[in-house]
1. Can you give the angle from 0 to 90° between the axis of helix A:261-274 and the longest principal axis of chain A, with both taken from C-alpha atoms, to the nearest 10?
2. Using only alpha carbon pairs under 8 Å that are at least six residues apart, calculate the relative contact order of chain A and give it in whole percent.
3. So how far, in whole Å, is the C-alpha centre of segment A:97-138 from the one of segment A:305-379?
4. Rounded if a/c is under 1.5, else prolate if a/b beats b/c, else oblate: with a ≥ b ≥ c from the C-alpha gyration tensor eigenvalues square-rooted, which is segment A:337-418?
5. Hey, quick one: spin label on residue A:430, modelled 7 Å out along Cα-Cβ, who in segment A:307-350 has an amide N within reach, i.e. under 13 Å?
6. Let me make sure I get this right: for segment A:519-661, a, b and c are the square roots of the gyration tensor eigenvalues over alpha carbons, sorted descending. Under 1.5 in a/c it's rounded, otherwise prolate if a/b > b/c, else oblate. Which is it?
7. Which of rounded, prolate or oblate describes chain A when judged by the alpha-carbon gyration tensor and an a/c cut-off of 1.5?
8. Multiply the residue separation of residue A:75 and residue A:579 by 0.36 nm, subtract the distance between their alpha-carbon atoms, and state the gained length in nm to one decimal.
């Protein structure tokens, strides 16, 4: 008896530290201090957390590509790793952003805690569901020693969505708008039981920058330099269809992926983890398309598609990466409202087209007799056309309903509903060439030519993206969008000093020339900025920094393949060759663009700039260029030009090959 | 506002840049978020609730659509708990103009999607589309009120048709 009472304090003294330790750990877990919790169990053999840590390290899970994919680690500039995620709460360790191993250990520690991960209400196992699932697969958690926490919200979500597939959705170029000319990509989660029209009920996972300023310059600078945050959001597909296909008139391409159910599940769990955290958004590199790939990497890390990109990331290039890796099952096409209107218009006879326009202008009442005279089906088709016009115009004019246009829409729909026939579905044929099958983005040029200074070798390079004379397939719309275009001429028999002439270095070239017709009234416009040579002669290497651009109108001649452009150009240039070191000129610009079959394009253009400022010298360019497509990624071009530089008129001609890569 | 954003931008964003999160609750705090946080049962509310519950702040992709429509997204009656009613209302509120057009035309993708939301079998869809066109005047009047009124009108019309009454509980 007395032995027990003597032993008791001894027992307590031995047990006390162990008990305090247990309380210590419990407290640390409750507080969410997982770095300290990991420290606390160091060397403690009998703690389950210590055992898991030891096994995880032995298996080198912190070096596993899956771990790096889930945490978005990339090799840092100075060795080591840095995660692209910028939200603090994405990491369980204070050092999580730069220490994959520590993050692994603290993540394991966090699984023992029920403390919600801010700002959510979810416990760590639920908040970091993909990590939990994977670590459980690799380490086999014992539910007795590491109890499984509930993650009902995800479970309910998952069961309601019933995901069976993934689709990468590509809203393509927005005609006539610079802010979306490269297109966009997002991921759609395909639900069991949805197909065709009901696909719009699927959910999408969308990464986008969240701009906190609309001021043009600040917006530009912040977007380029990581000044905005980017976030993932889950939005129903029908909301996105409205935004892209209706409001912005962009055609949509749906790349259904060839992936297993396990991939679908992992990607969805990872998307769940990414909700509520943020990344620094970089418009050229870590943009929406890049993050579609990083999201898919949650299970498709073995393809290392992200690793293929060094520098800028374009949506079409990410689609090419998916196709190249055999991940595309099939592609569907969802036409924009603009394309639907064009298709519908083609279906009508001339009389109905005119009646539709008249009804759009005046309403259905005034033209009721003419409408009643038509067979019911044609009357319905005419009203459908008129309604499309009114709605297109209403959306174009503003987001918020414009009262007269809305009233007109109602009148039209009520009149239409009285014709008791159903409108047949409008079939808009899918273009034969998909966006990922178009010519590659960068372009290299090599050729021969001659001008006033002699014969030359022509060398050129363009970074991105597309020009009208490039092969048209896969690039919808009449536009040119180029960043980084360099043209050089090397004169082998060059006079004394100068062999190499920089003809031009354009930083940006944007050109929109959608034709106007009796309904669509888009103004064409273009802008180019960069460095150009101002003298024709090679030995005068003077360059100027220029900005040139202007508005215009484009017409389609007849119903044929020829576009005619007429506009006004203005140029401001800065350089030592000009009197007073600067130049300002303006004048007319004309162009004729003709498609000769699928493979051949011809462009004849001219502009004349009258010097309007201190330097009164006029400058002009008259050019004809034709491009013959030899393959998807090769063209043979011939160009002739008559130019007036600061040193007078000259004539030039050249032949070259463009290779796209 | 979206158009203004496009006009103002001098840089070409590769990704559509979205609006900042606008926590504009309509009316007396009746928004999708609020109703869902009041713990309703049924599958559909919980889907959105599950997503929304990641943050305590209601995610506003529903809000901004409703705000731009100038209409209340959902009625404030907390007693309605029918699963399909919720899903129906959300889809209708976000697609009023598309649904109007499809109903007047007796056909269309958005109307077909609504039929899916309501669980209408393929063989009953022609009757559903026909009804939409016949009752269009009535629906249009209700739509001017609110999305909820439009849904109520839809329910009423379906109750009057033997082929479709089984889809209204």
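Just so it is clear, none of the values below were taken in a lab; they were calculated from the coordinates. Predicted, not measured: the structure shown is a model, and the values here were computed from it. Using ideal geometry, Cβ is built from the backbone for each residue, glycine included, and neighbour counts are taken over all protein chains shown.
1. With rounding to tens, the tilt is 90 degrees.
2. Rounded, it is 8 percent for chain A.
3. After rounding, the separation between the Cα centres reads 46 Å.
4. It is oblate, given that a/c is not under 1.5 and a/b is not larger than b/c.
5. Those under the cut-off are A:328-335.
6. Verdict is oblate for segment A:519-661.
7. Oblate, because a/c is 1.5 or more while a/b does not exceed b/c.
8. Here the answer is 176.3 nm.
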